Amino acid sequence: MRLLQYVAKRLLQLIPVLLGVSVIIFSISHVLPGNPVYLFVGIDTTPEEIEAITKRLGLDKPLHEQYFIWLGNVLRGDLGDSWFTSESVAQDLIRRFPATFEMTTVALMVSIALGVPLGVLSAVYRNSWIDNISRGITLLGVSVPSFWLGLLLIYVLFFLLRIFPPPSGRIGLLVSPPDRITGLYLVDSLVTGNWKAFTSSAEHLALPVITQALVTLAPITRLMRSSMLEVLGSEYIQAARANGVPDRQIYFRDALRNALLAPLTFVALVYGNLLGGSVVLERIFSWPGIGRYALESIVVKDYNAVQGFVLLAAVLYVLVFLIVDILYFVIDPRITA
Amino acid sequence: MIEARNSDTLLDVLGLHTYFYTYEGVVKAVNSVSYKLNRGEITGLVGESGSGKSVTAQSIIRLVKAPGKIVEGEVWLDGQDLMSCSETEMQTIRGRKISMIFQEPRAALNPLFTVGDQISRVIQLREGCSRSVAETHAVEMMRAVEIADPDRRANAYPHEMSGGMCQRVMVAMALSANPLLLIADEPTTGLDVTVQAQVLDLIRLRVKSAGSACLFITHDLGVVAELCERVIVMYAGRVVEQGPVAEIFSNPRHPYTQGLIASTLRVDIDKPISTIPGTVPDAVHLPSGCTFHPRCPFAEELCQLEEPQMVEAGHGHLTRCHIVSGRIEREMLEEAWTMETA
């Protein structure tokens, strides 16, 4: 009950945030230099024709009116058309987003699944060989740029060792993608029982996921280690020990839950960023996600597409933080509705 | 050693050394500390901050935090040497034979679990009983330490309770074990005076009725005078004086103890408050000889050169001072303390 109340309150708080975001995004196209009308005209267009186009696009109306028309369209799911792909931006984004979502979510899950235990072990066996190895990995992870790591992994794991397929996108060139249900190849191929598509997409997912996971793993491990160390040094852990609580319980019951609080915010921050698409990795691995879409749209000044992308990225960010806030509320009794 | 351990003695600490290995050097936080605790008695352990009181307590239950290490010494509890126990054995001693109450009750409770959960968990761990039995027992313990409406309070989180309530929870947790030894590390600092008196009453009542011993760490001499039978005074990692409370308070022999007593505020005697000049010495670079000599109004050359030995100064009254042992012939005048600040 308390939880429902809290969720409702947080959802209401999203309204002004998203309105603010929409104002900023709307302003982008009006602050940028250049008249969008010229995108539709040729050299020999007469001023009368330009005026007609301006009227047709609604650009002669006052700015606030234009904003409300735009907002109305956005709320109906109409983000305008991309003049580069000549399709609706919403459709473009919907088609590409699952690729980004699948890759980043799997990568994040891998880095949490490895980073949290590694950080905990590092803290518990401080200065031991486990700690040294994990510190080595994290040092590498934070110092190596992802584009270099990605290229290196392609060179070694594909080119030299032929363990993984070439970086040619989400699935083998000769394998047809699974029937679209969610757009997530792993899920769709499993649901439809398309084993061939499943293995191929899993293989193609491996390299970008490893690259992304190594980069994300490092700070998660470091944060988990320092957070766990701080909790283990706290008075209530000392008190639990003084009460004869065995080590295993100290680590997993008393300390872990407290120690997870700090890295949680960081994970949210990373996930929010990643969902906006990784421009570098999507390019290296020919990954047809929204990061690459955004890059291409910016290069050709496709304003509708850029606006649509920024709006999607902002909404995703806000949603991730909503989920994390709810998690905090569930874990930490000190947070009240 | 055998003859020293008579039936009244519950805890016998012999030559305990606990050092901290820091980058600046070795800190001898506990330096050759020996004392005994008797059954049914509350012993006060006093000294300024940094004198080694808390580390002494942590050493007894072998929970000294890194970079601290127990270097040497024996700790006999009821005929068992704790220093030769394995860590697993220690886990069965902590929370059963020895319980501890901490200085900051709210910090000593896990913020993510209800207080009832935390008490019953300790009970369950010890008794091996079912969850529901432990929960019932926990509520009983909360009632025993006079927490009003314990059934409802058991479901509260530490942040939802006052500091005094949290300290009662800690007391309930510690006493639920019926421990042989209760270590209370400044359990009443930060509590207001009425709550403080109630918590002290609880501790006294339980120690007396159960015939256990209590090591009561404090810097408040008033509390010691009211609560304790015996007192141990520590300075810079060493015990400088110990004995029965009445004896020590009426006839303090070590200049440091005299200074401490002179610096307490008394409403019944009209005298100015004095302070001990100087501060606790740097733990890495302790003064030579008697560590108190730079602050001692009676110090002479010998005090800088040679460390005094513990000597008997009356009925169970031990102290560490060249003047008391007679190596320096000099009168210790009480006026020395009041003059110092006048």
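The values are calculated or read from the model by the stated rules, or taken from the named source; none is laboratory data. Fair warning: this is a prediction, and the values are worked out from it, not measured in the lab. Cβ placement follows ideal geometry from the backbone for every residue including glycine, while neighbour counts extend to all protein chains displayed. To get the accessible areas, we keep the full protein, side chains included, count just its heavy atoms, and leave off ligands, DNA and RNA. Shrake-Rupley method; radii C 1.70, N 1.55, O 1.52, S 1.80 Å.
Looking at A:Asp81 and the list (1) in contact with a strand residue (DSSP E or B) (Cβ under 8 Å, 6 or more places away or on another chain); (2) surrounded by fewer than 16 Cβ atoms within 10 Å (Cβ to Cβ), which single condition is not satisfied?
(2)
Can you give me the number of residues within the range B:230-256 that are within 17 Å of the chain's Cα centre (by Cα), of a type in the set (Gly, Ala, Ser) and not in a strand (DSSP E or B)?
2
Working only within the range B:64-90, note down all residues that are surrounded by 19 or more Cβ atoms within 10 Å (Cβ to Cβ) and part of a helix (DSSP H, G or I).
B:Leu82
For the range B:100-214, list the helices (runs of 4 or more DSSP H) that sit wholly inside it and hold at least 1 residues that are within 14 Å of chain A (Cβ to nearest Cβ), over 18 Å from the mean Cα position of the chain (by Cα) and over 26 Å from A:Pro246 (Cβ atoms); which are they?
Per the criteria, B:163-175.
Within the range A:261-278, can you find the residues that are crowded, with 18+ Cβ neighbours inside 10 Å and either modelled with pLDDT under 90 or at the interface with chain B (Cβ under 10 Å from one of its Cβ atoms) (or both)?
A:Gly276, A:Gly277, A:Ser278
Out of the residues in the range A:313-325 that are open to solvent by 40 Å² or more (accessible area, probe 1.4 Å) and of a type in the set (A, V, I, L, M, F, W, C), which is nearest to A:Val17 (Cα to Cα)?
So the residue we want is A:Val315.
Residues to consider are B:Ser209, B:Ser250; find the one that is modelled with pLDDT of 85 or more and of a type in the set (S, T, N, Q).
Residue meeting the stated conditions: B:Ser250.
With respect to A:Arg257, is the statement that it is in contact (Cβ under 8 Å) with a residue 60 or more places away in the chain and among the basic types (Lys, Arg) true?
Yes, satisfied.
Go through (1) assigned to a helix (DSSP H, G or I); (2) open to solvent by less than 80 Å² (accessible area, probe 1.4 Å); (3) modelled with pLDDT under 90 one by one and return the number of the condition A:Ala99 breaks.
With (1) assigned to a helix (DSSP H, G or I); (2) open to solvent by less than 80 Å² (accessible area, probe 1.4 Å); (3) modelled with pLDDT under 90 applied to A:Ala99, the lone miss is (3).
Of the residues A:Ile210, A:Ile181, which is more than 14 Å from chain B (Cβ to nearest Cβ) and part of a helix (DSSP H, G or I)?
When all the criteria are applied, what remains is A:Ile210.
If I filter the range A:250-257 for residues that are of a type in the set (Asp, Glu), within 20 Å of the chain's Cα centre (by Cα), assigned to a helix (DSSP H, G or I) and modelled with pLDDT of 90 or more, do I get at least one hit?
Here is the first cut: in the range A:250-257, the ones of a type in the set (Asp, Glu) are A:254.
Checking which are within 20 Å of the chain's Cα centre (by Cα) leaves us with none.
No, the conditions are met nowhere in the range A:250-257.
So the check is Cβ under 6 Å with 6+ separation or different chains; which pairs have a first residue in the range A:220-247 that's more than 7 Å from chain B (Cβ to nearest Cβ) and a second one that's hydroxyl-bearing (Ser, Thr, Tyr)?
Every condition considered, the pairs that remain are A:Ile220/A:Ser111; A:Thr221/A:Ser134; A:Thr221/A:Thr138; A:Arg222/A:Thr138; A:Arg225/A:Ser122.
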